[in-house]
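K.L.:
What follows is a structure written as structure tokens; I'll ask about it next.
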Amino acid sequence: MKSGFAILIGRSNVGKSTLLNTLVGTKIAATSFRAQMTRDIIHGVLNLPEGQAVFIDTPGIFKDKRSRLTGKLIEKAKEALNGVDIIIYVVDPTREIGDEEKYTYGLIRHLGIPKILVINKSDLPQSQRAYQKDYEKWSGDFEAVFSLSALKNSHVEPLRQKVIELLPEGQAMYDGQQITNVNDYFWTAEIIREKVFSVFDKEVPYAITVEVDNIEEKPDIFVISARILTDQERYKKIIIGKGGKKIKEIGQMARRELEQALNRKVFLELEVKVDTHWVERI
């Protein structure tokens, strides 16, 4: 059988996490319109009769802002390239080729493993995909080029089949029941963090995270307690909102999605804390 690792790499906010979820067929990675949503190396496992592909989601390459967080995330993305079998470089044709694309292209161009170029967001009108032809000029360095929509699950199947075709022969790395390397605590925290960014636009910076303290499974309900961490008191006040309105909204959105995924009632206890050292724990 075929078996191996296929890494998704590219600048921030091009749709890598959405593509991971679509390729695997279930939501594993949190998604957002905000850059730097992905902060960890997340595996999504695709099992087909022909073999097993383990897709690796990585933090986006983001070079506009220099910070402790940005530097750590770029290093994580670079380290994740070690030992993979296929590189899937995801680009956004609505955005011109900039420093992030050139940096990423430079990281992968000379690596001696199969590379696939994915031009995402094909569901958008042609007029919005103004830079598609610029990316297509890179096609000579790739085994294949696919134009698709991760969001709409359009033209994704040919990519799945190409990945399986390019993978080496080998044994499955995950058993048939496991579809990711993340545990319930991590996944729950990601859902909550996603909802924080859904509720706020630019009022809350990238420097927030979520830590889940406890998940208790009872016969008819999951009881979950979690903390939203930020590095400044003023952001804590924004996240809580007047009369607790915003934290309640975040909790309601997260609870709805968790209940749908878990198929059980969820009691979610959220609090907001100031922690100036949380970036160091990434």
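The values are calculated or read from the model by the stated rules, or taken from the named source; none is laboratory data. Only a predicted model underlies this, so the values are computations on that prediction, with no experimental measurement involved. Ideal geometry is used to build each Cβ from the backbone, glycine not excepted, and the neighbour counts take in all protein chains shown. These accessible areas exclude ligands, DNA and RNA; they are computed on the full protein's heavy atoms, side chains included. Shrake-Rupley method; radii C 1.70, N 1.55, O 1.52, S 1.80 Å.
K.L.:
Tell me which residues, restricted to the range 164-182, are farther than 30 Å from Val212 by Cβ and either open to solvent by 50 Å² or more (accessible area, probe 1.4 Å) or not in a loop (DSSP other than H, G, I, E, B) (or both).
P.N.:
Correct list: Ile164, Glu165, Leu166, Pro168, Glu169, Gln171.
K.L.:
Report yes if Val156 is modelled with pLDDT of 95 or more, of a type in the set (Val, Ile, Thr) and either open to solvent by less than 70 Å² (accessible area, probe 1.4 Å) or under 20 Å from the mean Cα position of the chain (by Cα) (or both), otherwise no.
P.N.:
Considered against the rule, which asks whether it is modelled with pLDDT of 95 or more, of a type in the set (Val, Ile, Thr) and either open to solvent by less than 70 Å² (accessible area, probe 1.4 Å) or under 20 Å from the mean Cα position of the chain (by Cα) (or both), Val156 comes out as yes.
K.L.:
Mind checking which residues of the range 125-144 are surrounded by 15 or more Cβ atoms within 10 Å (Cβ to Cβ) and either aliphatic (A, V, I, L, M) or touching a residue at least 60 places away in the same chain (Cβ under 8 Å) (or both)?
P.N.:
Ala144, the sole residue that qualifies.
K.L.:
Tell me whether the range 203-212 contains one or more residues that are among the hydrophobic types (A, V, I, L, M, F, W, C), surrounded by 19 or more Cβ atoms within 10 Å (Cβ to Cβ) and at pLDDT 85 or above.
P.N.:
For the range 203-212, residues among the hydrophobic types (A, V, I, L, M, F, W, C), surrounded by 19 or more Cβ atoms within 10 Å (Cβ to Cβ) and at pLDDT 85 or above: present.
K.L.:
Pick from the range 215-256 the residues that are assigned to a strand (DSSP E or B) and open to solvent by 80 Å² or more (accessible area, probe 1.4 Å): which of them is nearest to Val196 (Cα to Cα)?
P.N.:
Among them, the one singled out is Glu216.
K.L.:
Considering each residue of the range 96-114, count those that are surrounded by 14 or more Cβ atoms within 10 Å (Cβ to Cβ), without any contact (Cβ under 8 Å) to a residue 40 or more places away in the chain and under 16 Å from Gly60 (Cα atoms), and give that number.
P.N.:
Selection size over the range 96-114: 2.
K.L.:
Another question about this same structure. Please go through the range 100-145 and give me each residue that is under 22 Å from Glu165 (Cβ atoms) and in a helix (DSSP H, G or I), ordered by number.
P.N.:
Ile108, Glu136, Ser139, Gly140, Asp141
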